[in-house]
Amino acid sequence: LVSSMNIISSFLTQPILKSSVSSRILNRSFSTALEMTKVGLCQFPVSEDKLRNHEMASKYLKLASQEGCKLAVLPEIWNGPYATAAFPEYAEVLPSVDGNSVGDSASARLLQQHASDLKLWVVGGSISEKEDGKIYNTCLVFDPSGKLVAKHRKAHLFDIDVPGGITFRESDTLSPGESLTAFDGGEEFGMVGIGICYDIRFPEYSLVLNKK
């Protein structure tokens, strides 16, 4: 499975699962009174090789920068397979917004480094996070200086059981987040709300974010 993250109304972001999609980066331009601001929506195949996934993320963040994007968005669960059994194996201890270091998280370090080196807003899709015996589906956001400005844990977990069809339960492995998340993207982007996949299926979530 290949996942992508799209920006929708009021710059609300959300990852969408896709299958059999070729690697590519999509650009969308948003006009302001003074200039056009490019946002890079990065989509690439995710494998069981975490190092390979890191290389792909690096490649597409650099491509977004080369294409003139000021903000880039990575896929949901980009550092490992999107599977309940795989979430714990690929999970990392992630930094908090009020912390001074990304710690031992190789994925967070990659996001921070590219944000700083490329002078790019990086909405880091999501990666599996482990904390206190729980696993979360977590998005990290870094500003162009490399500062962690937002951390969102997916609040609405996707459970489905179709008789005679597919059964998939994120809640078998993941724990839900308990907060809404937004960050200030400055004059170029304004306030940006973060929602991961199933989060945006609930209009109340977007309505409350809009009040921020």
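Extent along the principal axes, Cα only, for segment 52-110: 36, 30, 16 Å, with the longest axis given first. Ordered from longest to shortest, the equivalent ellipsoid semi-axes for segment 116-170 are 32, 13, 8 Å, each the square root of 5 times a Cα gyration tensor eigenvalue.
Going by accessible surface with a 1.4 Å probe and the largest first, Asp199, Asp132, Asp49 read Asp132, Asp49, Asp199. Determine the distance separating the Cα centre of segment 152-190 from the Cα centre of segment 42-97; give it in Å without decimals. That distance is 17 Å. Stretching Arg201 away from Ser179 to a fully extended chain increases their span by 6.3 nm, per 0.36 nm per residue minus the current alpha-carbon distance. Pairs exceeding 29 Å between alpha-carbon atoms, taken from Lys50/Lys70; Lys59/Lys211; Lys62/Lys134; Lys38/Lys134; Lys70/Lys211: Lys59/Lys211; Lys62/Lys134; Lys38/Lys134.
Quick check: residue separation of Ala85 and Asp117 times 0.36 nm, minus the Cα distance between them. What number comes out in nm? Please report the intermediate quantities before stating the final value.
Values: separation 32, 0.36 × 32 = 11.52 nm, distance 3.42 nm.
Gain on stretching Ala85 to Asp117: 8.1 nm.
Modelled this way, with points 7 Å down the Cα-to-C-beta line, the labels at Asp161 and Leu51 are 4.1 nm from one another. Remark: accessible surface ordering of Arg169, Arg153 (largest first) is Arg169, Arg153, probe radius 1.4 Å.
Computed with a 1.4 Å probe on the full set of protein chains, the accessible area for Phe202 sits at about 70 Å². Of Ser96, Ser58, the residue with the largest accessible area leads and the full order is Ser96, Ser58 (1.4 Å probe).
How many percent of the alpha carbon pairs in segment 111-212 exceed a separation of 25 Å?
Values: 1479 of 5151 pairs.
The proportion of pairs with Cα distances above 25 Å equals 29 percent.
Gain on full extension, evaluated as 0.36 nm per residue between Glu188 and Met36 minus their Cα-Cα distance, stands at 53.8 nm.
What percentages, rounded to whole numbers, describe P(r) for segment 48-171 computed over all alpha carbon pairs with 5 Å bin width beginning at zero? Result, from short to long distances: 2, 11, 21, 23, 17, 12, 7, 4, 2, 1, 0 percent.
The values are calculated or read from the model by the stated rules, or taken from the named source; none is laboratory data. Here the structure is a predicted model, which means the values were calculated and not measured. With ideal geometry, Cβ positions are generated from the backbone for all residues, glycine too; neighbour counts draw on all protein chains shown. Ligands, DNA and RNA are excluded from the accessible area calculation, which covers all protein heavy atoms including side chains. Shrake-Rupley method; radii C 1.70, N 1.55, O 1.52, S 1.80 Å.
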